[in-house]
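Everything below concerns the one structure shown next.
The values are calculated or read from the model by the stated rules, or taken from the named source; none is laboratory data. Since the model is a prediction, treat every value here as computed from it, not as a measurement. Virtual Cβ from ideal backbone geometry, glycine too; neighbours counted across all protein chains shown. SASA here: full protein model, heavy atoms, side chains in, ligands and nucleic acids out. Shrake-Rupley method; radii C 1.70, N 1.55, O 1.52, S 1.80 Å.
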Amino acid sequence: MPRSKTVSASVAARRPAVEPLPYHHGDLRRALIDATSALLREQGLEGFSLRAAARAAGVSHAAPAHHFGDARGLLTACAADGFERLADAMQARMDSAGGDARARAQALGAAYIDFALTHRALFQLMFRRDRLDPQDAALQAAGRRTGDALREVYTALIAERGLPPTELGERILLAWSCAHGYATLVLEEQTAGLYGLGAGREQAASAMGAKLLQLLMGGLADPA
């Protein structure tokens with residue numbers, strides 16, 4: 001009996017931390033992207049490898065290289081998928097905010113922050129140019145979707161407030177810097193104990209982000 005317990009413990013130790021995903025023939029690319037997202041969520045970028053992704057997807061070790069070339073290719077595809085999901089989340093939140101440009105701009109920022117808090121490792125990967133192929137067409141197209149959403153909402157805000165169109169770039173940069181900077185501070189656990197916001201408290205971090213955006217909108221909607 002003692003030997004049986006030892007063997008069981010050894011087998012359990014060899015099991016992957018991420019359970020293999022069900023794989024359906026013809027959807028290998030999607031399966032590998034989903035498996036990589038799961039690895040990032042459970043183990044962070046440090047736990048990623050092509051072999052780990054293949055194991056999590058339940059496919060052969062050679063499968064990722066066949067579809068993506070190398071680890072950089074698979075991570076780039078995963079980041080592109082992340083930008084698509086972020087763009088969808090931003091659009092959905094803007095649409096739910098109605099037609100007021102200021103409300104839509106604040107909703108977009110809140111969606112950005114909440115996506116970062118919910119998908120920490122994926123969000124961080126999306127801006128790791130050292131691990132991605134910045135020339136990848138799918139990554140560029142997905143990134144443009146988020147940029148287009150920013151331009152759309154702030155173009156409308158500027159027109160609604162009668163502000164000079166030449167200030168569009170500055171207002172976009174200010175809004176993006178605030179949302180991205182705040183999200184990064186939270187993810188890097190730099191806000192622990194600050195204004196009662198403890199590390200890992202996603203709901204409190206989201207609420208604080210909404211307050212900061214509300215303060216920011218006062219400046220973004222007024223003349224410089």
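Between ASP136, ASP130, the distinction of being in contact (Cβ under 8 Å) with a residue 12 or more places away in the chain and over 23 Å from LEU220 (Cα atoms) belongs to ASP136 only. Of the residues making up region 144-176, those that are open to solvent by less than 80 Å² (accessible area, probe 1.4 Å) and more than 19 Å from ARG104 (Cβ to Cβ) number 1.
Counting residues in region 97-110 that are in contact with a Gly (Cβ under 9 Å, 6 or more places away or on another chain), closer than 27 Å to SER206 by Cβ, among the small types (Gly, Ala, Ser) and touching a residue at least 40 places away in the same chain (Cβ under 8 Å) gives one or more. Taken together, the criteria exclude ALA111 from residues that are over 28 Å from GLN43 (Cβ atoms), open to solvent by less than 70 Å² (accessible area, probe 1.4 Å) and in a helix (DSSP H, G or I). Only one of the listed residues (PHE68, PHE127) is in contact with a Leu (Cβ under 6 Å, 6 or more places away or on another chain) and either surrounded by fewer than 22 Cβ atoms within 10 Å (Cβ to Cβ) or more than 20 Å from LEU212 (Cα to Cα) (or both). That residue is PHE68.
Restricting to region 215-224, and then to whatever is open to solvent by 30 Å² or more (accessible area, probe 1.4 Å) and outside any helix (DSSP H, G or I), can you tell me which residue is farthest from GLN190 (Cα to Cα)? It comes out as PRO223.
Rundown of residues vs (1) closer than 30 Å to GLY219 by Cα; (2) in contact with a Ser or Thr (Cβ under 9 Å, 6 or more places away or on another chain); (3) open to solvent by less than 20 Å² (accessible area, probe 1.4 Å); (4) assigned to a helix (DSSP H, G or I), yes/no style:
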| residue | (1), (2), (3), (4) |
| --- | --- |
| SER37 | no, no, yes, yes |
| GLU46 | no, no, no, yes |
| ALA52 | no, yes, yes, yes |
| HIS61 | no, no, no, no |
| PRO64 | no, yes, yes, yes |
| ALA80 | no, no, yes, yes |
| LEU86 | yes, yes, yes, yes |
| MET94 | yes, no, yes, yes |
| ALA103 | yes, no, no, yes |
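Quick check on region 206-213. Is at least one of its residues over 30 Å from GLY69 (Cβ atoms), in contact (Cβ under 8 Å) with a residue 24 or more places away in the chain and open to solvent by less than 20 Å² (accessible area, probe 1.4 Å)? Checked against the condition, which is being over 30 Å from GLY69 (Cβ atoms), in contact (Cβ under 8 Å) with a residue 24 or more places away in the chain and open to solvent by less than 20 Å² (accessible area, probe 1.4 Å), region 206-213 yields at least one hit.
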